[in-house]
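Q: Here's a structure for you.
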Amino acid sequence: MKKNNIIDRIIDNDLIPEGSVVIIGLSGGPDSLCLLHALDRLSDSMYLTLLPVHINHKLRPEAEAEADNVSRICDRMGLECSVFEADCESLAKEMKISTEEAGRIIRYELFDEVAGQVEDQGIPVEKIFIALAHNADDQSETVLFRLLRGTTNHGLSGIPAVRTSEAGYTIVRPLLNVTRAEIEEYIKENKLHPNIDRSNDENDYTRNRIRNELIPYLEKNFNPNIKEVLRKYAALSFMDDSLLTEIAMDECENKLNIDSDKNVVMLDLKGIKEDPPAVTGRIVNIILQALRLEQYSSYELVTGLMSLIYSDNPSARMDLPQGFIAYREYETLVFTEENSEEIIKADESLRMIPQVMMKKDYDPPEDTIFAAFDFDSFNREHPGKVGEICLRTRREGDYLPMKNGNKKIQDLFVDSKVKKSARDSILMVAIGSEILWVLPSRYFAGRQESEMGRFSPKYHISDETERVLFIEIVDDI
């Protein structure tokens, strides 16, 4: 392998345009360190701004040391690494999923969060890229994993080189045509010192058993080039799936109504029922993606929904993952949450305690639900009106100050994918129609909002702050 072969291939892939801001998912392992190093080598000639992001999943004893190593690596490169901590085990228990899946959810939410901060600084969305270090071997393992699990043709197309995140940012995988062996050689040639995740050698996860046991067995006993065969199969499946999905999108035009505000999708079946099953299956996948249920796509789920489309029963019904249902209303197929009409009420046991204190005395205790603002900035805007601050639910005309103007609370809830039935349950600290703090709620889609809420940046505490407006939320029960 030529010394710069990986760098050449990143250039040839043309996934990242010149002048881009690139958020790099950096575990510190060989793959992500290779990606960071290669992009750093390209950053001057391509005018790239690199923003490494490391997420400590707190699942292994060495996680803290790995985070420190990542920070040191970035320091030596002259890059600032954003390090986050994530409680994967709690999320896994809450959502009844594996810690591996919980980690994936957290990672993508945090990547979107950092991308949003970049956009808030005035960088156009088309210049923001999230770069992940999945490699060619990951592609082979993913295709085999999905095949064994029982996926659809869409799933067999493997990991896409380019896709759009839930928040609308572009995710790219520049190493998807680079093998793990090539990455290890690059690491050795450039004398890099990656984190080594020893859990990859253990076979507790299905994917590890595929990597460590099944693929070597297939290479030895059936085909020494099985990984390349799987990648070629994924490439062919992707070509077929892309064409059929494009046809399905055209077929859905003027027949598919997606109401993200209400988490409802309605499909007019007139004409759809005459489509070939290959196109109908892609229409189903489009709908699952709109409802954020794509990860649950399987042969049984897709064919079950296709049967609902083709059924002669005008009131047929089917339960879907995550509390969604699909049902027929004559020639319309409706997808919605099962309890979407149930209105969720606010927690009336909570109350707010506002205090004004000197900054030197500001030391909130642990486990306190609070917000803090620059009191003097607040008082200039609302002189003598601390007593008018209240804790309440939304009202018509409410807005949250942002760095670039104001945002209607209604728009915030829509963008944060808060279902309609839960919007009147979310409490907020307000002065008139101006919202200082939208309290955390489990109905927010993003992890940060669900744990901390959303704060107004208008009265941000700075080095010049002398007095702090401290707002504590307490439970009277």
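The values are calculated or read from the model by the stated rules, or taken from the named source; none is laboratory data. Keep in mind the model is a prediction, meaning the values are calculated, not measured. Neighbour counts are summed over all protein chains in view; Cβ atoms, including those assigned to glycine, are modelled from backbone coordinates with ideal geometry.
Q: Which is under 24 Å from Q117 (Cα atoms) and basic (K, R), of K420, K408?
A: K408
Q: What number goes with the only condition from (1) at pLDDT below 95; (2) in contact with a Leu (Cβ under 8 Å, 6 or more places away or on another chain) that L400 does not pass?
A: (1)
Q: Still on this model: Applying the selection to the range 259-297, what residues are of a type in the set (S, T, Y), modelled with pLDDT under 90 and either assigned by TED's automatic domain parsing to the domain that holds N153 or crowded, with 16+ Cβ neighbours inside 10 Å (or both)?
A: Across the range 259-297, the qualifying residue is only S297.
Q: Is it the case that the range 194-212 has a residue that's in contact with a Cys (Cβ under 9 Å, 6 or more places away or on another chain) and in the same structural domain as E141 (by TED's automatic domain parsing)?
A: yes
Q: Here is a follow-up. Determine whether I247 is part of a helix (DSSP H, G or I), touching a residue at least 12 places away in the same chain (Cβ under 8 Å), closer than 16 Å to F335 by Cβ and not assigned by TED's automatic domain parsing to the domain that holds S140.
A: Judged against the criteria, I247 is not a match.
Q: If you take the residues of the range 185-200 that are part of a helix (DSSP H, G or I) and among the polar types (S, T, N, Q), which of them is farthest from I7 (Cα to Cα)?
A: Among residues in the range 185-200 that are part of a helix (DSSP H, G or I) and among the polar types (S, T, N, Q), the one farthest from I7 (Cα to Cα) is S199.
Q: Given the criteria over 27 Å from the mean Cα position of the chain (by Cα), charged (D, E, K, R) and within 19 Å of R146 (Cβ to Cβ), does K232 qualify?
A: So K232 fits the description; yes.
Q: Filter the range 296-317 down to residues that are polar (S, T, N, Q) and under 12 Å from T280 (Cα atoms) and give me whichever is farthest from the chain's Cα centre (by Cα).
A: So the residue we want is S307.
Q: State whether one or more residues within the range 99-108 are in contact with a Gly (Cβ under 9 Å, 6 or more places away or on another chain), closer than 23 Å to P61 by Cβ and of a type in the set (A, V, I, L, M).
A: Looking through the range 99-108, none of the residues is in contact with a Gly (Cβ under 9 Å, 6 or more places away or on another chain), closer than 23 Å to P61 by Cβ and of a type in the set (A, V, I, L, M).
Q: Quick one: which of K403, K420, K408 is more than 24 Å from V356 (Cα to Cα), of a type in the set (D, E, K, R) and within 22 Å of the chain's Cα centre (by Cα)?
A: One residue alone meets the criteria, K420.
Q: Let me ask another. If you take the residues in the range 24-54 that are of a type in the set (S, T, N, Q) and either outside any helix (DSSP H, G or I) or in contact with a strand residue (DSSP E or B) (Cβ under 8 Å, 6 or more places away or on another chain) (or both), which one is surrounded by the most Cβ atoms within 10 Å (Cβ to Cβ)?
A: S32
Q: Here's something else I'd like to know. Using the structure shown, decide if R442 is over 22 Å from D361 (Cα atoms) and among the charged types (D, E, K, R).
A: Yes; evaluated as a whole, the condition is true for this residue.
Q: Within the range 204-220, is even one residue in contact with a helix residue (DSSP H, G or I) (Cβ under 8 Å, 6 or more places away or on another chain), within 29 Å of E101 (Cα to Cα) and outside any helix (DSSP H, G or I)?
A: Yes, some residue in the range 204-220 is in contact with a helix residue (DSSP H, G or I) (Cβ under 8 Å, 6 or more places away or on another chain), within 29 Å of E101 (Cα to Cα) and outside any helix (DSSP H, G or I).
Q: Sticking with this one: So which residues in the range 153-164 are surrounded by fewer than 21 Cβ atoms within 10 Å (Cβ to Cβ) and assigned to a loop (DSSP other than H, G, I, E, B)?
A: Listed by number, the residues that qualify are I159, P160, A161.
Q: Take the range 165-184 and flag every residue that is part of a loop (DSSP other than H, G, I, E, B) and not acidic (D, E).
A: S165, A167, G168, Y169, R173, P174, L175, L176, N177, V178, T179, listed by residue number.
Q: Another question, if that's okay. Which of the residues belonging to the range 260-303 are in a loop (DSSP other than H, G, I, E, B) and not hydrophobic (A, V, I, L, M, F, W, C)?
A: Scanning the range 260-303 gives S260, D261, K262, N263, K270, G271, D275, P276, R292, S297, S298.
Q: Whether any residue in the range 240-247 is surrounded by 19 or more Cβ atoms within 10 Å (Cβ to Cβ), over 24 Å from R149 (Cβ atoms) and at pLDDT 90 or above is what I want to check.
A: No; the residues of the range 240-247 include none that is surrounded by 19 or more Cβ atoms within 10 Å (Cβ to Cβ), over 24 Å from R149 (Cβ atoms) and at pLDDT 90 or above.
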